[in-house]
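Presented below is the structure to which this report refers.
The values are calculated or read from the model by the stated rules, or taken from the named source; none is laboratory data. Just so it is clear, the structure is predicted and the values come from calculations on it, not from any experiment. Here Cβ is always computed from backbone atoms with ideal geometry, including for glycine, and neighbour counts include all displayed protein chains.
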Amino acid sequence: MENNLYDQREFLKKIGLSAAELTEWEKNGLIRSEVRIDSNIPCYTEEHVVEAQQIHHLIQIGYSLPEIRKILKKIGLPRPEAREHARQATEYLTVGELAEQARINNRTIKYWEERGIITPDRRTSGGFRLYGKHYVQICRHILDLQNFGYTLEQIREQADLYRLFITLQADRTRRHDPQATLAGLAAMDGQFVALQERMKALREGIERWEQLMKKKRKEFAQLREEYGKAAGGEKGGAHPGGE
């Protein structure tokens with residue numbers, strides 16, 4: 001099934017429904033948006049389109065909204081196997097919202113996309129890029145890795161593993177291939193160990209620089225004091241009018 005998202009206007013147009021009718025459906029618990037953009041904008045998936053078409057068909061053959069609600073509660077609508085488990089509400093962020101929450105700018109996100117470091121989770125039917133909220137942490141992680149001296153290729157590998165980890169965590173039924181999953185987890189563990197070693201080296205370097213800066217600041221202060229006295233002595237020893 002396609003991975004499109006539709007805002008309410010696009011959704012209504014696609015299924016031939018009015019806003020008032022959709023409101024009544026929602027009041028009767030027949031359909032609801034499980035996807036939110038920037039916390040408050042409802043969007044609908046291709047699955048919602050299929051559901052709406054099925055509900056619309058039931059209405060056309062004479063079922064009332066309360067009757068359809070009973071049908072949904074008793075047997076539900078036909079669904080693909082992948083949707084048999086309970087769905088959870090998902091919130092997506094636009095580029096602007098992601099940039100704001102990750103404290104970066106839109107150009108940085110675009111640059112990372114061009115380098116294959118991050119990729120949108122979904123796109124609206126209008127082409128707007130959408131990201132899961134986990135991308136806020138991924139973006140902050142990328143910034144940290146840049147500060148740690150990682151190359152863009154190394155960062156891309158880290159970001160790929162991070163996304164894999166999130167996908168595996170969300171797989172409650174553990175349907176992913178066990179061998180491929182274990183290989184991915186082993187790669188992640190290796191990256192974690194390497195990162196810990198680099199962080200250890202950075203901490204040791206920071207401690208050395210802190211001690212060096214502390215020592216040098218005292219030396220700087222002493223030099224300023226000595227040259228200050230020398231400058232004062234020159235002024236005091238100067239003779240008005242020259243020789």
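Out of curiosity, is Arg123 in contact with a strand residue (DSSP E or B) (Cβ under 7 Å, 6 or more places away or on another chain) and surrounded by fewer than 18 Cβ atoms within 10 Å (Cβ to Cβ)?
It is true that Arg123 is in contact with a strand residue (DSSP E or B) (Cβ under 7 Å, 6 or more places away or on another chain) and surrounded by fewer than 18 Cβ atoms within 10 Å (Cβ to Cβ).
Being at pLDDT below 90, hydrophobic (A, V, I, L, M, F, W, C) and either closer than 21 Å to Leu93 by Cα or over 18 Å from the mean Cα position of the chain (by Cα) (or both) is the filter here; which residues of region 139-151 pass it?
Hit for region 139-151 is Phe148, nothing else.
Would you mind finding the one in Leu98, Leu130 that is assigned to a strand (DSSP E or B), among the aliphatic types (A, V, I, L, M) and not assigned by TED's automatic domain parsing to the domain that holds Thr45?
Leu130
Name the one entry in Thr108, Thr119 that is at pLDDT 80 or above, of a type outside the set (Lys, Arg) and assigned to a loop (DSSP other than H, G, I, E, B).
Among Thr108, Thr119, only Thr119 is at pLDDT 80 or above, of a type outside the set (Lys, Arg) and assigned to a loop (DSSP other than H, G, I, E, B).
Out of the residues in region 149-163 meeting the condition of being among the hydroxyl-bearing types (Ser, Thr, Tyr) and more than 20 Å from Gly184 (Cα to Cα), tell me which one is surrounded by the fewest Cβ atoms within 10 Å (Cβ to Cβ).
For region 149-163, the residue satisfying everything is Thr151.
For region 175-190, enumerate the residues that are among the charged types (D, E, K, R) and under 20 Å from His134 (Cα atoms).
Step one: list which residues in region 175-190 are among the charged types (D, E, K, R), which gives 175, 177, 189.
Scanning region 175-190 gives a single hit, Asp189.
Of the residues Gln169, Gln222, Gln146, Gln211, which single one is within 30 Å of Trp112 (Cβ to Cβ) and either of a type in the set (Gly, Ala, Ser) or surrounded by 10 or more Cβ atoms within 10 Å (Cβ to Cβ) (or both)? Even if it seems obvious, please write down each step before you answer.
On the way: Gln169 fails: either of a type in the set (Gly, Ala, Ser) or surrounded by 10 or more Cβ atoms within 10 Å (Cβ to Cβ) (or both); Gln222 fails: within 30 Å of Trp112 (Cβ to Cβ); Gln211 fails: within 30 Å of Trp112 (Cβ to Cβ).
That would be Gln146, the only listed residue that is within 30 Å of Trp112 (Cβ to Cβ) and either of a type in the set (Gly, Ala, Ser) or surrounded by 10 or more Cβ atoms within 10 Å (Cβ to Cβ) (or both).
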